[in-house]
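For reference, the structure is listed below as structure tokens.
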Amino acid sequence: MRVLGPVPGVVSVAEFKRATHMDEGTEDDATLAACLAAAQSLVEQATNRPLGPREVEITLEAVPGLRRWWFPCAPVVAVAQVVVETETGAQALDPARWRLRLAHDEPRLDFAAGALPSGAAPCPVTITATVGADPESPALLPLRQAIVLIARDWHAAGITIAGEAASPGALSFGARAMLRQARYLRPRVMAGGLSRG
């Protein structure tokens, strides 16, 4: 999944300072902002739940006969287009040939019969969509709190963010519990039915 635009920050430096009872002006705001951005990135990757809407592009290899495909994250706000690569070139599918279903809980695309090429080999399909929940939603409060906890722990330990987030093993018990409870696992179609993974 490739993010096409900016990623909105969901916890401001001022909110972080209020939540951690930090005095205004006592810390470098740029350092705190980098720590918050890295903590948000870790939370989003660990839970597969983008916080704040952003446009993404997802490419998959569609096997012949594909009728249903689940997104790797939730929620999905909208799907802009579905483009299929064939031997004759790229072609946008008519929106009547696919439908976004269960966008908030288990977002998936359902394809009409014959919408995708039926050749023997898989074909590349590129989906452009807007994903991410409203960061002010009460349901996301635990994830916003996890960002604060992670950033606070990193700041207290003197960890400097230089493009890489700390490993999840370095997280507090409370933050790990919040991430585990909020994690989205997309369904996988198995021979005996659906499973999570």
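To the nearest ten degrees, helix 141-156 and the longest principal axis of the Cα atoms of the chain are 50 degrees apart.
Using DSSP loop states and a limit of at most 16 other Cβ atoms within 10 Å to flag GluC sites (Glu not before Pro), what is the longest stretch of the chain containing no flagged site? Answer from the scan: 28-86.
Step by step: find N for the stretch 22-114, compute 2.2 N^0.38 Å, then divide the Cα radius of gyration by it. What's the final number? Please report the intermediate quantities before stating the final value.
Values: Rg = 18.9 Å, N = 93, 2.2 N^0.38 = 12.3 Å.
Normalised Rg, Cα atoms only: 1.53.
Summed over all non-identical Cα pairs, the Kirkwood treatment of the chain gives a radius of 18.6 Å.
Express the relative contact order of the chain as a whole percentage, based on alpha carbon pairs under 8 Å and six or more residues apart in sequence.
Details: 342 pairs, mean separation 56.0, N = 197.
Across the chain, relative contact order equals 28 percent.
Gain on full extension, evaluated as 0.36 nm per residue between Glu57 and Met1 minus their Cα-Cα distance, stands at 19.6 nm. P(r) tail for the stretch 54-95: Cα pairs beyond 15 Å make up 52% of the total.
Once every DSSP H run of n ≥ 4 in the chain is given -39500 (n - 2.57) and the sum is divided by its residues, what mean residue ellipticity at 222 nm do you get, rounded to the nearest 500 deg cm²/dmol? Walk me through the numbers before you get to the answer.
On the way: 4 runs with 52 residues, N = 197.
It lands at -8500 deg cm²/dmol.
Sorting 33-43, 125-135 by their mean Cβ neighbour count within 10 Å, with the most densely packed peptide first, gives 33-43, 125-135.
All other residues whose Cβ lies under 14 angstrom from that of Ala113 are scored, Lys and Arg at +1 and Asp and Glu at -1, for a net of +2. 3J(HN,Hα) couplings calculated from phi for the stretch 32-44 with the Karplus curve 6.51 cos²θ - 1.76 cosθ + 1.60 (θ = phi - 60°) are, in sequence order, 5, 4, 5, 5, 5, 5, 5, 5, 5, 4, 4, 4, 5 Hz; Gly and Pro show x. On a 0 to 90° scale, report how tilted helix 173-182 is relative to the longest principal axis of the chain, with both axes built from alpha carbons and the result rounded to the nearest 10. Its long axis makes an angle of about 20 degrees.
Bear in mind that the values in this text are calculations on the coordinates, not laboratory data. This structure is a prediction, so every number in the text was calculated from the model and none was measured. In this analysis, Cβ positions are derived from the backbone assuming ideal geometry, glycine residues included, and neighbour counts consider all displayed protein chains.
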